[in-house]
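Since the structure comes first, as structure tokens, the remarks are kept for the end.
The values are calculated or read from the model by the stated rules, or taken from the named source; none is laboratory data. As the structure is a prediction and not an experimental result, all values here were calculated from the model. Here the Cβ positions follow ideal geometry from the backbone for every residue, glycine too, while neighbour counts run over all protein chains shown. Each accessible area value is taken on the protein alone, full model and side chains, heavy atoms only, with ligands, DNA and RNA left out. Shrake-Rupley method; radii C 1.70, N 1.55, O 1.52, S 1.80 Å.
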Amino acid sequence: MGTLKKDYNVIIIGAGVVGLAIARSLSDRGVGSVLVIEKEKTFGRGISSRNSEVIHSGLYYPEKSLKTKHCTRGRQLLYDFCKKHNIWHRMCGKIIIGKKGQEEDIHSLYDKALNNSIPDVSLLSSSKISSIEPHISAQLGLYVGCSGIISSHHLMEAFFTISKNHDHDYLFMTSVVDIDILNSGYKLSLNNPNGELETVTSNWVINASGLASDIVANFLGDGYIFPEITFSKGCYFKLSSEWKGKFKHLVYPIPDKLSDSLGIHLSFNSDEQIKIGPNAIWLNDKEEDYNVDSSLLDDFYDQCSTYIKGLKKSHLSPDYSGIRPKIRSANSKFSDFHISDEQIHGLPGFINLIGIDSPGLTSAISIGKDISKVIT
């Protein structure tokens, strides 16, 4: 007896930037019969729309990590895609600033940038920083010219349009609640927008479900061990209109190793509105809470007033927040991406993407290309 025909060749769980990038890459390769399942009302409503929208260089991560691989390759792919599709972006560069006593940290980052083959990096003196960013105070700094900013929504809109134009199907307001392993392929149980249970089958399943990616992986059963995610919440504050357009570069402090974050940094959008953040707060209960507590204002001010000249508390107001899906390890402070073709666990056709936090936006096209290459 032959194998029963599946409803779809490929199901992608999650319509954030990575899921959409995979769908777009499948479109480019002419792969049809694709269904994308998303729990929100439309694409890009989760953590993909709640970040700094920074195009990262790839200098922060260990040389042979997946983050370094996909960020350094994805960065140029992202710039090229934006130019081709007229998506707003700016290669503005960033300055990582050091205070007195942090000279070794800056030089260490410089060495790491060279090891990771990051282009256009140079050490900056205090006077040089003042000349290019008059409102920034620092003892020394590291200039990273290939960093930039992007409109993440317009990027995701372009991915979505390419995918839809290739007749890919989308199910919004739909959650995956269970997965059955078939003799060939998979059967997904779904909770549809009407609160009804339905099923759909496919040859391939790509788990790009962000904050729920470890939960979705565990639907495969108790016989498999996959990484667990911890939520790291990051809040942003915006600066008052008098700061609009005052900065030409992104400005970052030394990374915060304790929280596995890049620290409260300064960035801006296409309207030149200045924002600072994110901080990092571990959420042990894994609650998807995006409220910004105004009591954090003092901490944001204390940290940012050390490097932003003339900053006053009255200039800060709560903006928005995001959540990082972090894979925490007892023996490592570094949280890498988990991207795995689970054929190695006897699950052919199932691909897990777990813990895709920053630099997931920068890495999305690179990840999409790699995933699409294994789809048959």
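Quick check: anything in segment 231-239 more than 30 Å from Gly141 (Cα to Cα), open to solvent by less than 30 Å² (accessible area, probe 1.4 Å), of a type outside the set (Lys, Arg) and within 24 Å of the chain's Cα centre (by Cα)? Yes, segment 231-239 contains a residue that is more than 30 Å from Gly141 (Cα to Cα), open to solvent by less than 30 Å² (accessible area, probe 1.4 Å), of a type outside the set (Lys, Arg) and within 24 Å of the chain's Cα centre (by Cα). Between Ile351, Ile365, the distinction of being farther than 28 Å from Asn279 by Cβ, modelled with pLDDT of 95 or more, aliphatic (A, V, I, L, M) and within 16 Å of the chain's Cα centre (by Cα) belongs to Ile365 only.
Looking across segment 341-376, the residues that are among the hydroxyl-bearing types (Ser, Thr, Tyr) and open to solvent by less than 10 Å² (accessible area, probe 1.4 Å) come down to Thr362, Ser363, Ser366, Ser372. Quick one: which of Ser314, Ser294 is surrounded by fewer than 16 Cβ atoms within 10 Å (Cβ to Cβ), under 24 Å from Pro134 (Cα atoms) and among the hydroxyl-bearing types (Ser, Thr, Tyr)? Going through Ser314, Ser294 in turn, the sole match is Ser314.
Do the conditions hold for Lys275, that is, is it part of a strand (DSSP E or B) and open to solvent by 10 Å² or more (accessible area, probe 1.4 Å)? Spelling it out, Lys275 is indeed part of a strand (DSSP E or B) and open to solvent by 10 Å² or more (accessible area, probe 1.4 Å). Taking each residue of segment 182-196 that is under 17 Å from Ile13 (Cβ atoms) and looking for partners that are open to solvent by 10 Å² or more (accessible area, probe 1.4 Å) and of a type in the set (D, E, K, R) with beta-carbon atoms closer than 7 Å, six or more apart or interchain, yields Gly185/Lys6; Tyr186/Asp180; Lys187/Asp180; Ser189/Asp178; Leu190/Glu198; Asn192/Glu198.
Only residues that are over 26 Å from Phe237 (Cβ atoms) and among the hydroxyl-bearing types (Ser, Thr, Tyr) were counted across segment 318-355, and they come to 3.
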